[in-house]
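To keep things clear, I will list the structure first and then write my remarks on it.
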Amino acid sequence: MNSKTISFLLRVSPVLVGMTSLIWGTAAIAQEAPQTLAEKQAEVPAVETTKGLDVTAESEKVAQFTSVSELADPTTELSQVTSVSQLSDVQPTDWAFQALQSLVERYGCIAGYPDGTYRGNRALTRYEFAAGLNACLDQVLALVGGDEGIDPESLATIRRLQEEFAAELATLRGRVDALEARTAELEANQFSTTTKLKGEVIFALADTWGAPASGEGSAIPGIPAGDTNDDNTQTIFADRVRLTLDTSFTGKDRLRTRLQARNITSFRGGLTGTNMTRLGFDGNNGNNVELDDLYYKFPATDNVDVILAGNSVEPRDFIDVVSPIASSGSGSISRFGRLNPVLRQGDDSSGLGLNIGLGDSATLNLAYLAESEFASNPAEKNGLFNGQHAALANLVFEPSDAFKLGLSYVRYYAPGGEVNLSGSTGDAYASDPFDGVATTGNSLGAQVLFGVSDKFQVGGWYGVTFANAQGDIIDDNNDSATIMNGALQLAFPDLGGDGNLLGIVAGIPPKATRNEFSGRRVGDTSYHLEGFYRIQVSDNISVTPGAFAVFRPAYQEDNDTIVVGTIRTTFKF
């Protein structure tokens, strides 16, 4: 700013200093002057620059100085000048010319007005001068820090100016610091409610090969028990659409509302005779739009998140199921191959969940979930606590990026009628071991994931459920059953290209290995073998061809092997 000019005058003569206050125009403002000064101008006390000087009639013609707010106006925005000759109202014969030329051309810290004028007939306040001086000091400090040096005479002038305007400099810098602190606080706490839309669309071509399974103790609808018959399915082309709205009110919370429409028929019942043949993304509501997930997640403390589940929430929506291929849209193509069936108890539910951070390497998930259909019904054997529900505890250890271990416990209760201990991945003997009687289940699960390298992951799980009959319509309501399942997962990320994934799953779907209830005998063991390859066509499109086979479906050695094949195309936006 004109700080350098004043320093020049101080070196020449104290008399010139007095003259300067009369002939000096509205200050050429330092190009680096803080913009916030214009906003705070009302807070800056005015300082008269002509105090103590004789004011002549000629000096009364001096125009009043332009306020900081006026200088900040876009119409009077300052522009940098590279030579004092650009200032049209300063003549080469003026004493100010040489002073300005020295300052501008040596340090480049003086700015003029947009029209190229200097306006030397306007006075400066001490605070305006201090603002310009501060900017020039910054410029000089930059030169000192670089390769250029500062001559001793200039340094002496700078010291005198700093001493003369110490109070003003301190005031300005203090106010700038305060404004910066307040601005930072506003930025940290400012948040507007936002909603983000995410979409996923699946097109699926699918079919099964093999006669429907039988032999579970009850006939398949339309097929006599024990009759293997022929393949009952035709090739289908179907879709699933999900639109997810994530709303945040504080920047740390999330209200999720998901709408869904789909028409992908489940390969089960009279089509295949078993739930073991279900696709991982099936479901059919006639492509009518319906409310799917609805929950609100927010932080209660620094290490505790609370989840309020309103509708159709599944445990995997907010817990780590420790599976590299759990996604229905981009992971395993089968329902069984995605994750441990133990963690499906409590699907399609409402309730409460807690995610508790235990240091850097462990997380504890707690949840109480009641099936939404029962939770909203006040009738007998329904409601939040008397209908079908599950209480879950899930502890996940992750000591390194290459290893993760999950340990789970689920307490399940069904009042009778609809009992599903296997998450619709096994069959009647495993899902409903006591043929519709009220049932409790205590399940344990262990899930592991090991990253051998960036391109190869090994995962898997083991689950066991100890079920007990609770009804009084049978002679002995203490009947019990044991249901087990397990799987090995191999994942090869980025195989053949970025985003691609080769997945292999081999396992045993839920099987009742022991059952005291006479109506549900223990059968043979079924096996699941699956392979799929996801091709990432672009950031938003993937195509996944895959197939899986169920050997000895429905626990019967005499049943034909059933093969399920699909080409799943997924669009994400």
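Tally Lys and Arg at +1 and Asp and Glu at -1 over the other residues with C-beta under 12 Å from the C-beta of residue 539: what net charge comes out?
Numbers: positive: 572; negative: 498.
Result for the neighbourhood of residue 539: 0.
May I ask for the net charge around residue 209, where only other residues with Cβ less than 13 Å from the Cβ of residue 209 are counted and Lys, Arg are +1 while Asp, Glu are -1?
Values: positive: none; negative: 207, 230, 231, 560.
Every neighbour counted, the sum reads -4.
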(request) For the stretch 530-564 and the stretch 302-319, write down the distance between their C-alpha centroids in whole Å. (result) 30 Å
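Here is the link list: 297/404; 196/404; 455/572; 196/572; 198/455. Which ones come out longer than 22 Å on Cα distance?
Working: 297/404 24 Å; 196/404 31 Å; 455/572 24 Å; 196/572 14 Å; 198/455 28 Å.
Correct reply: 297/404; 196/404; 455/572; 198/455.
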(request) For residue 196 and residue 177, calculate 0.36 nm times their separation in residues minus their Cα-Cα distance, and state this gained length in nm to one decimal. (result) 3.2 nm
(message) Under the rule of at least 5 residues apart or a separate chain, name every residue whose amide H is placed under 5 Å from the amide H of residue 295.
(response) 256, 310
(message) Taking θ = phi - 60°, what integer Hz values does the Karplus form 6.51 cos²θ - 1.76 cosθ + 1.60 yield along the stretch 380-388, in sequence order, with x for Gly and Pro?
(response) 4, 6, 9, x, 6, 10, 9, x, 5
(message) Suppose the Debye formula is applied to equal point scatterers at every Cα of the stretch 336-420; what is log10 I(q)/I(0) at q = 0.23 Å⁻¹?
(response) -1.06
(message) For a protection proxy built on the mean count of beta-carbon atoms within 10 angstrom, sort 538-551, 306-319 highest first, please.
(response) 306-319, 538-551
(request) For the stretch 384-493, just run the numbers: alpha carbon Rg, then divide by 2.2 N^0.38 Å, N being how many residues it has. (result) 1.30
(request) Return the long-range amide H neighbours of residue 274 (sequence gap of 5 or more, or a different chain), with a cut-off of under 5 Å between placed amide H atoms. (result) 213, 269
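Could you tally the net charge around residue 440, taking each other residue with its Cβ under 12 Å from the Cβ of residue 440, Lys/Arg +1 and Asp/Glu -1?
0
Suppose every K and R has +1 on its Cβ and every D and E has -1 on its Cβ; what is the size of the dipole of the stretch 293-414 about the Cα centre, in Debye to the nearest 20?
On the way: 8 positive and 14 negative charges, 66 e Å.
Dipole size: approximately 320 debye.
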(message) Please list 3J(HN,Hα) in residue order for the stretch 173-184, calculated via the Karplus relation 6.51 cos²θ - 1.76 cosθ + 1.60 where θ = phi - 60°; whole Hz, with x for glycine and proline.
(response) 5, x, 5, 5, 4, 5, 5, 5, 5, 5, 5, 4
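Coordinate-derived values only; no laboratory data. Everything quoted here is computed from the prediction, not taken from an experiment. All Cβ positions, even for glycine, are placed from backbone atoms using ideal geometry, and neighbour counts span all protein chains on display.
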